[in-house]
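These notes concern the structure reproduced below.
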Amino acid sequence: MTGNGERLAAVAFVTQAVLAGGNAVGVRYSNRELEPLWGASLRFMLAAVLLLAIMAALRLGFPRGKALGGSALYGLINFGMAFALFYYGMLRVHAGLGQVLLALVPLFALLLAVLWRQERLRAAALLGTLLALAGVALLTRAPLRESVPLLPMLAVVGCAVCFAQAMVLVRRVPRVHPVTMNAVGMTVGAAFLFVGSLIFGETLALPQRTETWVAISFVAVIGSVVVFLLYVFVLQYWVASRAAYGFVIIPFVTVLLSSRLDDESITTGLVFGGLLVLAGVYVGALRPAHVDRVHSELGRAPQA
């Protein structure tokens with residue numbers, strides 16, 4: 001790797017981690033005016049249009065057969081189901097706490113890979129799981145400024161499980177260019193969320209507040225498309241195991257942003273519980289000696 005390429009990759013890595021750290025805050029702002037499923041579907045409608053335009057500009061072919069089916073199933077899980085849970089959970093969960101819970105994705109991916117017999121269960125994975133569970137337990141018992149019901153927190157954890165399952169899934173389907181897979185996936189996810197919004201009788205109204213438009217524009221354009229493209233760029237220079245460290249950096253950015261923009265208190269419970277979760281993720285899934293195969297497909301999915 002050239003020194004210039006290394007520097008560009010480092011800049012792109014830090015930039016995408018900082019930008020991804022604002023996603024959960026943007027979702028909180030969107031939820032203040034828009035119904036959750038409708039807000040999520042609007043986000044991915046915009047992001048899908050942008051990625052389809054990038055596909056056309058790059059002259060990428062549209063997948064067919066099993067590749068199309070795999071991309072659609074990936075979109076259903078990674079964007080439809082995951083963000084239905086995430087947007088619901090973020091009605092009550094602050095952005096910093098939510099992003100800490102999403103940091104469990106690499107660990108869940110490893111455990112699901114074991115379940116699907118893609119990986120072997122290791123002692124480090126068990127230790128990491130115990131550390132992460134202790135962190136989650138501390139977070140649920142922490143004296144937060146506002147009482148957070150258990151169900152919204154479980155919804156965010158469920159979102160992390162969906163992200164992890166989508167990562168495991170893409171290792172079993174025909175390979176598709178990451179831009180194409182996410183363009184198809186976001187289209188399917190947006191359709192799923194829109195139908196869900198209709199079923200639950202949500203109000204389908206465009207935002208009236210400037211801050212809501214800013215939030216949706218950020219999560220759709222910056223938080224979904226730009227972050228994803230930066231991550232793919234990083235993977236051209238770094239192995240997936242190194243790039244995966246974004247999962248343990250993003251929560252710190254989110255907590256700082258949330259404390260300024262969403263009035264989230266940085267309590268000792270949040271700090272120590274979050275550190276336990278991140279330690280568990282590192283020990284169980286992100287240590288360089290073990291993670292290349294587990295995270296070889298991370299480049300196909302943007303952050304929340």
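The set of residues from the range 1-32 being β-branched (Val, Ile, Thr) and either part of a helix (DSSP H, G or I) or under 23 Å from ARG209 (Cα atoms) (or both) comprises VAL11, VAL14, THR15, VAL18, VAL25, VAL27. Within the range 1-47, the set of residues being without any contact (Cβ under 8 Å) to a residue 60 or more places away in the chain and of a type in the set (Asp, Glu) is empty.
The single condition among (1) modelled with pLDDT of 90 or more; (2) of a type in the set (Gly, Ala, Ser); (3) under 28 Å from SER197 (Cβ atoms) that ALA67 does not satisfy is (3). Of the residues that make up the range 152-175, is at least one more than 18 Å from the chain's Cα centre (by Cα) and at pLDDT 90 or above? For the range 152-175, residues more than 18 Å from the chain's Cα centre (by Cα) and at pLDDT 90 or above: absent. One residue is enough: does the range 56-70 have a residue meeting the conditions in contact with a Leu (Cβ under 8 Å, 6 or more places away or on another chain), crowded, with 21+ Cβ neighbours inside 10 Å and part of a helix (DSSP H, G or I)? There is at least one residue in the range 56-70 that is in contact with a Leu (Cβ under 8 Å, 6 or more places away or on another chain), crowded, with 21+ Cβ neighbours inside 10 Å and part of a helix (DSSP H, G or I).
The single residue among GLN303, GLN208 that is at pLDDT 85 or above and within 19 Å of GLY39 (Cα to Cα) turns out to be GLN208.
Across the range 245-265, a minimum of one residue is classified as under 24 Å from GLY5 (Cβ atoms), at pLDDT 85 or above and not charged (D, E, K, R).
With respect to the conditions (1) over 21 Å from ALA67 (Cα atoms); (2) touching a helix residue (DSSP H, G or I) at 6+ places or on another chain (Cβ under 8 Å); (3) not aliphatic (A, V, I, L, M), THR180 lacks only one, and its number is (1). Taken over the range 1-41, residues that are of a type in the set (Asp, Glu) and exposed (fewer than 15 other Cβ atoms within 10 Å of the Cβ) amount to 1. Residues that are surrounded by fewer than 18 Cβ atoms within 10 Å (Cβ to Cβ) and either assigned to a helix (DSSP H, G or I) or in contact with a His (Cβ under 7 Å, 6 or more places away or on another chain) (or both) occur at least once in the range 197-206.
Screening the range 94-183 for helices (runs of 4 or more DSSP H) wholly inside it with 1 or more residues that are in contact with an Asp or Glu (Cβ under 6 Å, 6 or more places away or on another chain), among the aliphatic types (A, V, I, L, M) and in contact (Cβ under 8 Å) with a residue 60 or more places away in the chain returns the ranges 95-102, 105-115, 150-169.
The values are calculated or read from the model by the stated rules, or taken from the named source; none is laboratory data. Only a predicted model underlies this, so the values are computations on that prediction, with no experimental measurement involved. Using ideal geometry, Cβ is built from the backbone for each residue, glycine included, and neighbour counts are taken over all protein chains shown.
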